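Enquirer: Below is one structure. I have some questions about it.
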Amino acid sequence: MIELLCLLLPLAFYSGWRSANRQSKLPQEQEKPVPARFVRGINFLLNEEPDKALDLFLNAPSWDAQTADTFLALGKLFRNRGEVNRALRVHQYVIARPELSTRERQAAMLALGEDFFAAGLLDRAENVFREFMRHYPKNTQACEPLRHIYEQLQEWEKAIELAACGIEDKVERNKLLAHYLCEQAEDALDAKQLYQVEETLKKALAIQPKLARIQVLYAELALARGERQAALQYFKKAIEYDARLTSTLTKRFLEVFQQSYEAQQLQTFLRHEYARQPDPHLFPALLALSQTGGEASTVEPLVKTHLQQGNLSLQSVARAAEWQAQQAPQDEPLHSLHVALARLVKSQPRFQCVSCGYKMQDYLWRCPACHRWETVHHL
Ligand SMILES: [Zn+2]
């Protein structure tokens, strides 16, 4: 990385110096102080003293179009290396130049906003992006970073206002808007504003009828109103729409539906889903509900068939081994195998973002690394 820095910083300086020479047509002897500054800057970089090199090059009086681009690239390089203060210094310097073209000024403002965002100074980043939108209302490049700020701050009303900005694809726009509404509904649910939850979910459902998250929230709303049967139906629909939710929802099922007839209903539903689509990720949930459902005689053939003929995942095998170890508490080798598999499951991420590759243990609607929605899948 230092090699790139060694290249970019002197390049920005050299570009401006060459431009100044062209314009003023200085006699050769008057060019001498400039190379001296150049050589001193290179020496600072070689001695790994980038701040001194920055001081030297940023104080150079000359400037041209290439200088701006090179300094912008340099600032981005600093930010990507986590050196946000240096990135801010470079971008603030660029913005202060009166010679900038509109394109360069826009690029510098966006870069400065990104620097503040990376530094965690969200209010300052918001100000920069808002100012960008005021100055350049036809340019939508600030919409996405602004949305990221409001997502981070959980200011969903402001995020909703920007949900359509700069997104051409209608499907993507609707997905984003529906999730923002779901976030609002979750906040209202936490605040026990149940009427507000229902109204918000209605809007989300009209935009994205097959979004499983809406069904989960309807289920939680029904539970808050004491309508357990309705909640059960909503949860079932959520799994029908999106099987990725099964493991997360099973924990909730086991917590909420403790009556055996409720567990029985869910077990029947999951058995049907599993027969329809033998997804190994459904098996741990099916086993847990089969045990709770009280029909012990059905569990053994379920485990046996899964291990011998079913599609397997690490989680499904570990769960089957756990059940077998419970049936034979004296079997030390089986118990050791179950413990080893359980350790392996704990150490392995189960989900991954298909957009950026970030791995995680639990399903999340929004990737915490690249901030995209619904890009997380089973590994
Ligand atoms: Zn991602």
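The values are calculated or read from the model by the stated rules, or taken from the named source; none is laboratory data. In this text, all values refer to a predicted model and were calculated from it rather than measured experimentally. A quick note on method: Cβ atoms are made from the backbone with ideal geometry, for glycine too, and the neighbour counts reach across all protein chains shown. Surface accessibility is based on the protein's heavy atoms, side chains included, excluding ligands, DNA and RNA. Shrake-Rupley method; radii C 1.70, N 1.55, O 1.52, S 1.80 Å.
Enquirer: What is the number of the single condition among (1) modelled with pLDDT of 85 or more; (2) within 26 Å of Asn139 (Cα to Cα); (3) open to solvent by less than 70 Å² (accessible area, probe 1.4 Å) that Asn80 does not meet?
Expert: (3)
Enquirer: To continue, here is another question. Please verify whether the stretch 145-160 includes one or more residues that are among the small types (Gly, Ala, Ser) and either assigned by TED's automatic domain parsing to the domain that holds Leu217 or over 29 Å from Glu198 (Cβ atoms) (or both).
Expert: no
Enquirer: Please list, ordered by residue number, the helices (runs of 4 or more DSSP H) wholly in the stretch 267-378 having 2 or more residues that are open to solvent by 80 Å² or more (accessible area, probe 1.4 Å), within 16 Å of the ligand (Cβ to nearest atom) and not polar (S, T, N, Q). Talk me through it step by step, then tell me what you get.
Expert: Details: elements: 283-293, 296-309, 314-327, 332-347.
Correct list: empty, since no element meets the threshold.
Enquirer: Moving on to the next point. Test Gln229 against the stated conditions and say whether it is assigned by TED's automatic domain parsing to the domain that holds Gln193, open to solvent by 40 Å² or more (accessible area, probe 1.4 Å) and assigned to a helix (DSSP H, G or I).
Expert: The answer is yes for Gln229.
Enquirer: Identify, by number, the condition in (1) crowded, with 18+ Cβ neighbours inside 10 Å; (2) part of a loop (DSSP other than H, G, I, E, B); (3) of a type in the set (S, T, N, Q) that Gln258 doesn't meet.
Expert: Evaluating Gln258 over (1) crowded, with 18+ Cβ neighbours inside 10 Å; (2) part of a loop (DSSP other than H, G, I, E, B); (3) of a type in the set (S, T, N, Q) leaves (1) as the failure.
Let's see how each residue does on (1) β-branched (Val, Ile, Thr); (2) open to solvent by 50 Å² or more (accessible area, probe 1.4 Å); (3) under 24 Å from the mean Cα position of the chain (by Cα):
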{"position": "Ala87", "(1), (2), (3)": "no, no, yes"}
{"position": "Pro98", "(1), (2), (3)": "no, yes, no"}
{"position": "Thr102", "(1), (2), (3)": "yes, yes, no"}
{"position": "Leu112", "(1), (2), (3)": "no, no, yes"}
{"position": "Phe132", "(1), (2), (3)": "no, no, no"}
{"position": "Thr140", "(1), (2), (3)": "yes, yes, yes"}
{"position": "His148", "(1), (2), (3)": "no, no, yes"}
{"position": "Glu155", "(1), (2), (3)": "no, yes, yes"}
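Enquirer: Of the residues that make up the stretch 206-217, is at least one touching a residue at least 40 places away in the same chain (Cβ under 8 Å) and either under 26 Å from the mean Cα position of the chain (by Cα) or in a helix (DSSP H, G or I) (or both)?
Expert: Yes: one or more hits.
Enquirer: What's the number of the only condition in (1) open to solvent by 60 Å² or more (accessible area, probe 1.4 Å); (2) farther than 22 Å from Met109 by Cα that Glu144 fails to meet?
Expert: Condition not satisfied by Glu144: (2).
Enquirer: Also, quick follow-up: Please state which one of Ala320, Ala328 is among the hydrophobic types (A, V, I, L, M, F, W, C) and modelled with pLDDT of 90 or more.
Expert: Testing whether each residue is among the hydrophobic types (A, V, I, L, M, F, W, C) and modelled with pLDDT of 90 or more leaves just Ala320.
Enquirer: Right, another one. I'm told His371 meets every condition in (1) within 34 Å of the chain's Cα centre (by Cα); (2) at negative phi; (3) not charged (D, E, K, R) except one. Can you identify the failing condition by its number?
Expert: The failed condition is (2).
Enquirer: While we're looking at this one, here's another question. Here are Ile167, Ile160, Ile149: which of them is in contact with an Asp or Glu (Cβ under 7 Å, 6 or more places away or on another chain) and either in contact (Cβ under 8 Å) with a residue 24 or more places away in the chain or not polar (S, T, N, Q) (or both)? Walk me through it before giving the result.
Expert: On the way: Ile167 fails: in contact with an Asp or Glu (Cβ under 7 Å, 6 or more places away or on another chain); Ile160 fails: in contact with an Asp or Glu (Cβ under 7 Å, 6 or more places away or on another chain).
Of Ile167, Ile160, Ile149, the one residue that is in contact with an Asp or Glu (Cβ under 7 Å, 6 or more places away or on another chain) and either in contact (Cβ under 8 Å) with a residue 24 or more places away in the chain or not polar (S, T, N, Q) (or both) is Ile149.
Enquirer: Mind checking which residues of the stretch 186-195 are in a helix (DSSP H, G or I) and in contact (Cβ under 8 Å) with a residue 12 or more places away in the chain? It would help to see each step written out before you state the result.
Expert: Pass one, the stretch 186-195, residues in a helix (DSSP H, G or I): 186-190, 194-195.
Once the filter is applied, which keeps residues that are in a helix (DSSP H, G or I) and in contact (Cβ under 8 Å) with a residue 12 or more places away in the chain, the stretch 186-195 yields Glu186, Asp187, Ala188, Leu189, Leu194.
Enquirer: I would also like to ask the following. For the stretch 162-185, which residues satisfy the criterion of being open to solvent by less than 40 Å² (accessible area, probe 1.4 Å), outside any helix (DSSP H, G or I) and either among the acidic types (Asp, Glu) or in contact with a Lys or Arg (Cβ under 6 Å, 6 or more places away or on another chain) (or both)?
Expert: Once the filter is applied, which keeps residues that are open to solvent by less than 40 Å² (accessible area, probe 1.4 Å), outside any helix (DSSP H, G or I) and either among the acidic types (Asp, Glu) or in contact with a Lys or Arg (Cβ under 6 Å, 6 or more places away or on another chain) (or both), the stretch 162-185 yields Leu162, Ile167.
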